[in-house]
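Notes to accompany the following structure.
The values are calculated or read from the model by the stated rules, or taken from the named source; none is laboratory data. Not measured: the values here are computed from a predicted model. In this analysis, Cβ positions are derived from the backbone assuming ideal geometry, glycine residues included, and neighbour counts consider all displayed protein chains. The protein model used for the area step is the full one, side chains on, heavy atoms only, and it has no ligands, DNA or RNA in it. Shrake-Rupley method; radii C 1.70, N 1.55, O 1.52, S 1.80 Å.
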Amino acid sequence: MKIFPHSYSPGQLIIDMVAKAMGGNLEGNFVKGDTPFYNGSHYTLEGAAPFSALLADVHYKEDAFISYESTDSRYVNISFIITDCEVSFNLNNSLRTIDNWTNNMCINDVALQNDYTVKKGTNIYSIGIFVEKEALKEAFIKKGVWNNHTEKIFNEKKNTIVRMDRISNESLEIITNFRKIPYDSPFFDLHFKSVVYRLIYRYFLELDLKKIVIGKVTKEDFENILKSKSHLNDSLEGGFPGIDSLSSNIAMSASKYKKLFFKITGTTPASYFNRNKIHRGKELLESRQFTINEVVDQLNYCSTSYFAKCFKENYGLFPKEYQKLLL
């Protein structure tokens, strides 16, 4: 397994960090590589304070371990990650799948180290935006939403900024359209800057500040919640394990577990489980190898009618109607 360690310190250019970690050729704001381990391009937008951005468009030829750490605590990172394979975080030297979604989004304090593993053959397209916390504070003040709660969000002694979610349909459309622009376009940098502004705007337009849970999160806490998400994904063919069981599996009190799970994922453990369960059912139908009744039995739904009700609530049509679309 090839290791790509990314380490950032104040004053360093992101492009230099990427070139050092990934190898390849440095061409302006591009790092272009075709090595025994990967091929693809990285592009950075820097000097456009109060934010910088990193685009990665990479195909991994071998299994890879990728780590990001920073000693600069002035920024939060908003990452939009599109991949065709599962990506796994490294938890205490064991691999845990983040999620079975292919369009992930994460916002986190850059001081919270991220390590993850990708499998050979994986394609990843990501846009990471690094925004100064002070600039976010000023934006919230100008918007008239600065209050006691938002003040606590940015209080590093009381709170760690971290949240994992899915990319919204609107943001995914912005990225999809941008990917049509060739890298050798003379206006590529302007297009990228526009996309970054639009993604920031969309994210904070959709963000409900009132739902952000205040609290400190350690790397161990973050890893434990990811471990619990992985356990929930492994349990989809049964019933919901229950809060007491889930919290005891990671040696955490039930109250702390529920608070941290919601803070990091933006949803409750039960909602996360049910959403992934119905998504698994949709995948089974898409395989065309199972009838609706067989999917109901395999995923241990209490009845076909309840499965159909959940499916309609999530996807806007009943399983039978969806099956007809697959023909």
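Okay, here's what the table says:
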quantity: Only listed residue being free of Cβ contacts under 8 Å to residues at least 12 places away in the same chain and small (Gly, Ala, Ser), chosen from Ser230, Ser235, Ser253; calculated: Ser253
quantity: Contacts under 7 angstrom Cβ, first residue in segment 302-327 being in contact (Cβ under 8 Å) with a residue 24 or more places away in the chain, partner in a helix (DSSP H, G or I) and of a type in the set (Asp, Glu), 6 or more apart; calculated: Leu326/Glu286
quantity: Residues (touching a residue at least 60 places away in the same chain (Cβ under 8 Å) and more than 24 Å from the chain's Cα centre (by Cα)) located in segment 140-165; calculated: Val145, His149
quantity: Subset of segment 292-318 [among the aromatic types (Phe, Trp, Tyr), within 26 Å of the chain's Cα centre (by Cα) and open to solvent by less than 40 Å² (accessible area, probe 1.4 Å)]; calculated: Phe311
quantity: Test: Lys20 is of a type in the set (Lys, Arg), free of Cβ contacts under 8 Å to residues at least 24 places away in the same chain and in a strand (DSSP E or B); calculated: no
quantity: Of all residues making up segment 34-45, the number that are open to solvent by less than 50 Å² (accessible area, probe 1.4 Å) and part of a strand (DSSP E or B); calculated: 7
quantity: Extreme residue, farthest from the chain's Cα centre (by Cα), among residues of segment 173-189 that are aromatic (Phe, Trp, Tyr) and open to solvent by 40 Å² or more (accessible area, probe 1.4 Å); calculated: Phe187
quantity: Among residues of segment 192-233, those that are modelled with pLDDT of 90 or more, among the small types (Gly, Ala, Ser) and within 28 Å of Glu151 (Cβ to Cβ), counted; calculated: 0
quantity: In segment 224-258, residue nearest to Tyr306 (Cα to Cα) [restricted to those that are basic (Lys, Arg) and within 19 Å of the chain's Cα centre (by Cα)]; calculated: Lys229
quantity: From Phe188, Phe154, Phe192, residue being farther than 26 Å from Ser271 by Cα and touching a Pro at 6+ places or on another chain (Cβ under 8 Å); calculated: Phe188
quantity: Failed item in (1) touching a Phe, Trp or Tyr at 6+ places or on another chain (Cβ under 8 Å); (2) open to solvent by 70 Å² or more (accessible area, probe 1.4 Å); (3) basic (Lys, Arg), with Arg74 passing the rest; calculated: (1)
quantity: Qualifying residue in segment 149-172 (condition: open to solvent by less than 40 Å² (accessible area, probe 1.4 Å), closer than 24 Å to Ile66 by Cα, among the aromatic types (Phe, Trp, Tyr) and in contact with a Lys or Arg (Cβ under 8 Å, 6 or more places away or on another chain)); calculated: no
quantity: Selection status of Phe51, in contact with a helix residue (DSSP H, G or I) (Cβ under 6 Å, 6 or more places away or on another chain), modelled with pLDDT under 95 and open to solvent by less than 30 Å² (accessible area, probe 1.4 Å); calculated: no
quantity: Matching option when the condition is polar (S, T, N, Q), in contact with a His (Cβ under 8 Å, 6 or more places away or on another chain), part of a strand (DSSP E or B) and under 21 Å from Met105 (Cβ atoms), among Ser52, Ser67; calculated: Ser67
